[in-house]
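This report concerns only the one structure given below.
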Amino acid sequence: MSDNKLIKAIQDKGKSLEAEMSFFDHLEALRWHLIRSAISVVVFAVVAFLNYDFIFNKIILGPFDPSFWTYRMMCKLGDGFCITKMNATLISTEVAGQFMLQINSSVLIGIIVAIPYILWEMWRFIKPALLAKERKAANGFVFYATFLFLLGVLFGYYVIAPESIAFLVNYKVSPEIKNTITVSSYLSMVATITLIIGIVFELPILIYILASLGILTGTFMRKTRRYSIVIILIVGAIISPSPDFITTIIATLPLFFLYEVGIVVATRVEKRRTKAHDDIMSS
């Protein structure tokens, strides 16, 4: 009896050591995925740093220029939407302000450009833990996640950021108050808007994950659509501070579309889960 207990104890210890080694192997794999992702950010950040004249003057300062593409399109809608001047001046109030601006904005550009590669590294880490059916169902994750993120970044940069900046810098409580804005504050606003909108556009991916886990269903989303519309309108009003109704609608239309896409995605996952359950029960 004691020999059996000893053998069982050795077997249990072996299993625990194997599980512990497997855990540390996963940590080691994750570490290298993170290291490669960080290297990609650094590489793109260095490229952005070396080409900073174009990046700063054409891309970062774009929404602050009245000749920006968005403002030209707004002028075609009518004189009431036309932006011809920015009643503000960008300033730097710190000794190393402009140098840190170049570094911070280069890192920001590096992160955005490296997102496709970072998502690919995430997929490579997760993929071995998935079953064959799960891998097949998640096929195209990197492409769709990257596409939605970049689409959100472009929408934030060309629509939400210019509307927000034009409204805020031209807004005056009194003509006696002059708007002098720190360039770091301006960069922070543009970066925050573009990145947040990019993340918001990942909504269908999030819905797919929740639906796959059985937390969310297309039926539930359809039943709560009226409440979701109210929430989307509130979010649209927050991310688009311009008071006119048209710009608010422009900001919320993509959110409505993403929600409807999410319903389709959740419904397809729900049907697939139901079919798999029926197959198991009938076998």
Fill in: Inter-centroid distance (Cα atoms) of segment 50-82 relative to segment 185-203, Å
17
Worksheet, complete the sentence: Karplus-derived 3J(HN,Hα) from phi for segment 149-156 (6.51 cos²θ - 1.76 cosθ + 1.60, θ = phi - 60°), whole Hz, x at Gly and Pro, runs 5, 5, 5, x, 4, 5, 5, x
Worksheet entry | D (Stokes-Einstein, µm²/s), Kirkwood Cα radius, segment 21-156, 0.890 mPa s at 25 °C | 134
Worksheet item: Once a ≥ b ≥ c are taken as the square roots of the eigenvalues of the Cα gyration tensor of segment 145-232, is the result rounded (a/c under 1.5), prolate (a/b larger than b/c) or oblate (a/b not larger than b/c)?
Response: prolate
Fill in: Extended-chain gain in nm, criterion 0.36 nm per residue less alpha-carbon gap, Trp123 and Arg268
50.0 nm
Discussion item. Using the Karplus curve 6.51 cos²θ - 1.76 cosθ + 1.60 with θ = phi - 60°, what ³J(HN,Hα) values do you get for each residue of segment 111-126, in whole Hz, with x for Gly and Pro?
Written reply: 5, 4, 5, 7, 3, x, 5, 4, 5, 5, 5, 4, 5, 5, 6, 7
Fill in: Calculated from backbone phi, Karplus (6.51, -1.76, 1.60) coupling profile of segment 268-274 in Hz, x at Gly/Pro
5, 5, 4, 5, 5, 5, 5
Worksheet entry | When each of Lys127/Lys223; Lys223/Lys275; Lys127/Lys271; Lys58/Lys127; Lys58/Lys172 is checked by Cα-Cα distance, pairs over 32 Å | Lys127/Lys223; Lys58/Lys127
Discussion item. If packing is taken as the average number of other Cβ atoms within 10 Å across a peptide's residues, how do 158-166, 226-234, 97-105, 252-260 rank, most packed first?
Written reply: 158-166, 252-260, 97-105, 226-234
Worksheet, complete the sentence: Sorted by chain and number, the residues with a modelled amide H under 5 Å from that of Thr182, at a separation of 5 or more or across chains, are Ile91
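Each reported figure results from applying straightforward, stated rules to the coordinates on display, with no laboratory input. Please read these numbers as outputs of a predicted model, since none were measured by experiment. Quick reminder, even Gly has a Cβ in these numbers, built from the backbone with ideal geometry, and neighbours come from all protein chains shown.
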